[in-house]
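Throughout, read-outs are computed from the coordinates displayed, never taken from laboratory work. Being a predicted model, the structure only gives us computed values, none of them experimental. Please note: Cβ atoms are built from the backbone with ideal geometry, for glycine as well, and neighbour counts cover all protein chains shown.
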Amino acid sequence: MNKLYLFFCLTLSIALSSCDSQEITENEDESKKVIISQPVRDAHSYANLDEIRTKHIHLDLEVDFTTKSIYGIARHEMVNNGTDTAIFDIKGLEINRVTIGKEGNEANADYVIGKEDPILGAPLSVKVDSNTTFINIYYKTTSESNALDWLDPILTNGKKHPYLYTQGQAILTRTWIPTQDSPSNRITYSADVKVPKELMALMSAKNPTKKNEKGEYHFEMKQPIPVYLIALAVGDLSYRKLGKNSGVYTEPSMIGKVAWEFADLQKMIGAAEELYGKYEWEQYDVIVLPYSFPFGGMENPRLTFANPTLIAGDRSLVTVIAHELAHSWSGNLVTNATWDDFWLNEGFTVYFENRIMESLYGKEVADILALIEFQELEMEIEEISNGMHPEDTYLKLALDGRDPDDGMTQIAYVKGAFFLKTLEETVGREKFDAFINKYFDTYKFKTLTTETFEKYLTENLLKPNKIKFNTKEWLYGKGMPKNCVKLVSPRFEGLQKLADDFAAGKNIFYAKRKKDVLTRDKYITQEWLAFIRKLPRDISIDKLKKLDEKLNFKNCGNAEIMTEWYVLGIQAGYTELRPNISAFLNKVGRRKFLLPIYKTLAKDAENLKFARQVYKQARPYYHSVSQKTMDDLLK
Ligand code: BES
Ligand code: ZN
């Protein structure tokens, strides 16, 4: 038996048995923090974190747009508990060499790449000594590196320069950096990145505000973060400062519009700090990326990545920015230990986002936003309950053997937020806010599971206030518990009534005085969503045309409204919309918009044919995240 084979067998048995790490938990006594050995199993990583774990990575990266690949060295500084194997996660990477030792004093190391799993990728097992603390992995990304979106100039706003951005969450970091890709471990990082000199590089780290002549950039992230938050964007970028510690990046041709849209950024930071304590990341900037970005926003620390569909021209979609900012506490500071606990990131963030919106724009607006989300939750519960995994309506998920992306539903987001809203209503805002402040403070720069949160909630909020609460039902039960708070919004209901009136044949566009005539700017985006959603699915084409004639939904430039309108149009057989739908799907790559449109089209044979035609054309321009979802849908 050769040495490498033996090493491989050994490694495999380790990989199968040891995805555990320890979780830090609070003792009864505030002052004594103890580490209890409650193992956290992360089913989505091969890393043997309890034996050896990265504490710092230095990245040496060269971004090559001609071959669309990144040539990299990932220099891991480890905490080694005396093991002889270090296991990393890799997927779609070409590994060229692994060494042990400090830079310049390196020795080649034996390594073996295990069997590739279609979701997780493969374990990269490196043979080390019990005192090894530096492991360097020399690698190259490939066309299978799904985190990366390489854009030709034509897909940018300026049309002159190429663009690259990464998307790490949930388990895509392993496709562009060999890492121990589990949210239960936190690391600091630094990077040296070389890019073509006409481009600027930015990371989720301390960033430059100007291009430099050589195209060589250095980055530092000094606060420990989970690796899914390592991010890079490279393009023809410019910066505008908005406030004391905030600003925006985007292509030069858009910088003015973007700065105008996000003018409230500094105020938002102030409101968030007022609610839940100090912003721990020093600077908060937003970069508006090209249209292919698959999300509305991604909370990369210090630098939120945002979709250009947020630039609606009327500041009506800034709630997404409030959301990503809120992640600077829930998610980035206090992090879900595994993707089964995803609601701890997103549920808290949606709750917090709504509180920021309330601080800035009042309770009436905040309630309308929450009600729109609640409608989406109800629809999703219905769908999940009738699908293959009805247990996906539990807040605590069980995603073993599945893509963590499957957990990205309104359950984590909105059921999670309504759980917290219900708690708030039960104990009162003052006590609830004090609890959340303490929670963030206790767990900052740590990770936790749902079970640990449950215990913390009981000990720190429910018991002291002598409150009986159906926590278990919320966390581990299906659908919505009966005690969920009920929001009432006269404005929301007003728009629903307007929809009913219109459907019943009333002329809603008539008014005695000119200034009372119904125009689109009379209501905010989410009120129009409530209106469109309330229209009957079999409404006449004439009526839909009338609305387009008066309010121009079909081409209004607000992607939220357009999506809602296209869905209704398809359901009602308003086929004249097809050119608009096709243009939209060829421009926007945000999954939240693509999915409902393609899904509705896929429901009948004729529309499915049209959907497939459009998709064939548009697919190359979507990020792999959106491609994967639509491939599954339209296959
Ligand atoms: N962190 C998420 C995006 C994400 C989740 C990416 C899971 C990959 C895996 C981000 O904060 C988010 O929730 N974005 C939403 C914003 C919305 C809820 C306001 C989006 O993109 O639509
Ligand atoms: Zn989020």
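Report, in degrees rounded to the nearest 10, the 0 to 90 angle that the Cα long axis of helix 429-443 makes with the longest principal axis of the chain.
Tilt relative to the chain: about 30 degrees.
To test your reading of the geometry: what angle, between 0 and 90 degrees and rounded to tens, separates the Cα axis of helix 342-361 from the longest principal axis of the chain?
50 degrees
Would you compute, from DSSP H runs of 4+ residues alone, the mean residue ellipticity of the chain at 222 nm, taking -39500 (n - 2.57) per run and dividing by the full residue count, rounded to the nearest 500?
That comes out to -11000 deg cm²/dmol.
With θ taken as phi - 60° and the coefficients 6.51, -1.76 and 1.60, list the Karplus ³J(HN,Hα) couplings across segment 498-504 in order, rounded to whole Hz; mark glycine and proline as x.
Per residue, the Karplus-derived 3J(HN,Hα) values read 4, 5, 4, 4, 4, 4, 7 Hz.
Consider just the alpha-carbon atoms of segment 494-634 and return their Rg together with their Dmax, both in angstrom.
When restricted to Cα atoms, segment 494-634 yields Rg and Dmax of 16.0, 52 Å.
Mind jotting down a quarter of the surface of the convex hull over the alpha carbons of segment 341-463, in square nanometres, one decimal?
8.3 nm²
Using mean Cβ contacts within 10 Å as the protection proxy, how do 310-323, 476-489 order, highest first?
For the peptides 310-323, 476-489, the packing ranking is 310-323, 476-489.
Return the distance in nm (one decimal) between the two label points of a simple spin-label model at K257 and K455, each offset 7 Å from Cα along Cα→Cβ.
Result for the modelled spin labels: 5.1 nm.
Relative to a virtual label point 7 Å from the Cα of D538 in the Cα→beta-carbon direction, which members of segment 569-598 show backbone nitrogen distances below 19 Å?
Inside the label zone: 569-575.
Which whole-Hz couplings ³J(HN,Hα) result when phi for each residue of segment 295-302 is put into the Karplus expression 6.51 cos²θ - 1.76 cosθ + 1.60, θ = phi - 60°, listed in order with x for Gly and Pro?
My calculation for segment 295-302 gives 10, x, x, 9, 7, 4, x, 6 Hz in order.
Over segment 143-297, what is the mean sequence separation of C-alpha contacts under 8 Å (at least six apart), divided by residue count, expressed as relative contact order in percent?
Reported as a whole number, the value is 21 percent.
With labels modelled as points extended 7 Å from the Cα through the Cβ direction, what inter-label distance (nm, one decimal) is found for R612 paired with L487?
Label at R612, label at L487, 4.0 nm between them.
Does anyone have the angle between helix 591-601 and the longest principal axis of the chain? Alpha-carbon axes, 0 to 90°, nearest 10?
Here the helix axis deviates by roughly 60 degrees.
At 0.36 nm per residue, and after removing the present C-alpha to C-alpha distance, how many nm does the segment from E273 to E103 gain when stretched out fully?
Contour length minus Cα-Cα distance gives 57.1 nm.
Given the peptides 43-56, 89-102, arrange them by the average over their residues of other C-beta atoms within 10 Å, most packed first.
43-56, 89-102
Defining a contact as two alpha carbons under 8 Å apart and six or more residues distant in sequence, what relative contact order in percent does the chain show?
Over the chain, the number comes to 10 percent.
When a/c is below 1.5 the answer is rounded, else prolate if a/b is larger than b/c, else oblate, so apply that to the chain with a ≥ b ≥ c taken from the square roots of the Cα gyration tensor eigenvalues.
Prolate is the answer for the chain, as a/c is 1.5 or above and a/b outweighs b/c.
What whole-number volume per residue, in cubic angstrom, does the convex hull of the C-alpha atoms of segment 345-395 give?
59 Å³
Kindly rank 585-593, 286-294, 395-403 from highest to lowest mean number of other beta carbons found within 10 Å of each residue.
Packing proxy ranking, top to bottom: 286-294, 585-593, 395-403.
Please list, in order along segment 88-100, the HN-Hα scalar couplings obtained from phi with the Karplus expression 6.51 cos²θ - 1.76 cosθ + 1.60 (θ = phi - 60°), rounded to whole Hz, x for Gly and Pro.
Result, rounded to whole Hz: 10, 9, 9, 8, x, 10, 9, 8, 9, 6, 10, 10, 10.
To the nearest 0.05, how large is the calculated FRET efficiency for N555 and S130 if R₀ is 56 Å and r is the Cβ-Cβ distance?
It comes out at approximately 0.30.
Evaluate the distance, in nm, between pseudo-label points positioned 7 Å from the Cα of R520 and of E213 along their respective Cα→Cβ axes.
4.8 nm
How big is the Cα convex hull of segment 73-192 in projection, averaged over all directions, in nm²?
For segment 73-192, the mean projected area of the Cα convex hull comes to 8.8 nm².
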